[in-house]
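Q: Dropping a structure here in structure tokens format, bear with me for questions.
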Amino acid sequence: MHDRISSLGEKKLISRIISRSRSVFGSSKLMGLGDDAALIDAGDDYLVLTSDLLLETRHFPDPGRPRDMGWKTVTVNMSDLAAMGSRPEGFILSAALPDLELEFFDSIMDGVIEACCHYQAPLMGGDTNEADEIILSGTAIGRAAKDRVLMKSGARPGDLVAVTGPLGVGAAGTELILSGKSTEGFEDAVERSLRPVARIEDGIILAESGLVSSATDITDGLVSELGELMDASGTGMRIYEESLPIGEEVPEIAAILGMDPLELALYYGEDFELVFTAHPAGIEELSTMMDIHVIGEVTGGGSIEMVDKDGATYKLQVRGYEHLSPA
């Protein structure tokens, strides 16, 4: 019996691709491979490149809002640039489409152009093709100083772990939309689900400070992303339930849906915040520049621990949103 890619899941499949690429081209020519974006030597700077693919049936909880589909396609790519501390330079869009009404298509493109203007990244080109559903693939191009680019590796035991904003809000909004229940009173959660905003300026502040030892964006769930930092740095992580900045509407939405708000904050993703590590003195300095929430510390344990509100410590399973997983 032949194994299928679902037996690996998205992250192991990516590791398999990376391993094959390195075996052919060598690590010295593949800067950033396995990080949030690839790096190309451009003198004093790196060109920073990343690509993300979105499907109508998987990534857009309300396909009746085409403008938001265009916006989100740009934002998911810009979030990877933010994770690297990169300033956007441009955006390329490839779209595979069914025979849409022209007004619907124009609305998607309105969202793309609006987002490109917001991130100051002009739409520079792309490709079109036919498909049975809407498939939007974006490529973002950025630039970052070589001595300031943010990477997943570099966390050290004793560093503190922090995030740039509330957790679980986008996840709660997405689940509320998918449930078909009323969204009245939860407009912020819905907006964060359909029209997330990449933390470009926060990423640039973190990078230019020179104080951050590792960083990534929280698109696949906090614990999953902490696992990425942990594996890249060869460390462990300990977080504190009491310190998690769970969005204030998350418990209420979770109660309506019969879900666990902590699960939404830890594992679901869709937050588009940044999670990063820095020395305690660096965290103190960064807190004077921007809003941050310290949620834990880096350890040498090789696992992710949670200290709950009662003071009990237990290990967390490293999981989160992942494509190509078994049903």
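Values in this text are rule-based calculations from the coordinates and carry no lab data. Quick caveat: nothing in here was measured; it's all calculated off a predicted structure. Every residue, glycine as well, gets a Cβ built from its backbone with ideal geometry; the counts of neighbours run over all protein chains shown.
Q: For region 2-17, which residues satisfy the criterion of being within 20 Å of Leu229 (Cα to Cα) and assigned to a helix (DSSP H, G or I)?
A: Listed by number, the residues that qualify are Glu10, Lys11, Lys12, Leu13, Ile14, Ser15, Arg16, Ile17.
Q: Please work out if Val169 is in contact with a Lys or Arg (Cβ under 7 Å, 6 or more places away or on another chain) and under 30 Å from Tyr240 (Cβ atoms).
A: Working: in contact with a Lys or Arg (Cβ under 7 Å, 6 or more places away or on another chain): yes; under 30 Å from Tyr240 (Cβ atoms): yes.
It is true that Val169 is in contact with a Lys or Arg (Cβ under 7 Å, 6 or more places away or on another chain) and under 30 Å from Tyr240 (Cβ atoms).
Q: Let me confirm something: among Val48, Val76, Val24, which residue is surrounded by fewer than 21 Cβ atoms within 10 Å (Cβ to Cβ) and either in contact (Cβ under 8 Å) with a residue 12 or more places away in the chain or outside any loop (DSSP other than H, G, I, E, B) (or both)?
A: One residue alone meets the criteria, Val24.
Q: Any residue at all in region 197-214 that's more than 17 Å from Met84 (Cα to Cα), buried (at least 16 other Cβ atoms within 10 Å of the Cβ) and not aromatic (Phe, Trp, Tyr)?
A: no
Q: Select, from Ser153, Ser107, the only residue that is in contact (Cβ under 8 Å) with a residue 40 or more places away in the chain, touching a helix residue (DSSP H, G or I) at 6+ places or on another chain (Cβ under 8 Å) and either hydrophobic (A, V, I, L, M, F, W, C) or surrounded by fewer than 17 Cβ atoms within 10 Å (Cβ to Cβ) (or both).
A: Ser153
Q: Still on this model: What number of residues within region 282-316 are within 14 Å of Ser209 (Cα to Cα) and without any contact (Cβ under 8 Å) to a residue 12 or more places away in the chain?
A: 3
Q: Could you please let me know if Asp132 is surrounded by fewer than 21 Cβ atoms within 10 Å (Cβ to Cβ) and in contact with a helix residue (DSSP H, G or I) (Cβ under 9 Å, 6 or more places away or on another chain)?
A: So Asp132 does not fit the description; no.
Q: Let me ask another. Among the residues that make up region 30-37, is at least one of them among the hydrophobic types (A, V, I, L, M, F, W, C), under 29 Å from Val163 (Cα atoms) and surrounded by 22 or more Cβ atoms within 10 Å (Cβ to Cβ)?
A: The answer is yes; a qualifying residue exists.
Q: Let me ask something else about it. State all residues of region 251-267 that are within 21 Å of the chain's Cα centre (by Cα) and surrounded by fewer than 24 Cβ atoms within 10 Å (Cβ to Cβ); if no residue qualifies, say none.
A: Result: Pro261, Leu262, Glu263, Tyr267.
Q: Asp217 versus (1) touching a Ser or Thr at 6+ places or on another chain (Cβ under 8 Å); (2) more than 27 Å from Leu264 (Cβ to Cβ); (3) of a type in the set (Asp, Glu): which is the lone unmet condition?
A: Answer for Asp217: the failing condition is (2).
Q: Here's another thing I want to ask about it. Touching a residue at least 24 places away in the same chain (Cβ under 8 Å), in a loop (DSSP other than H, G, I, E, B) and among the acidic types (Asp, Glu): does that describe Glu114?
A: No; evaluated as a whole, the condition is false for this residue.
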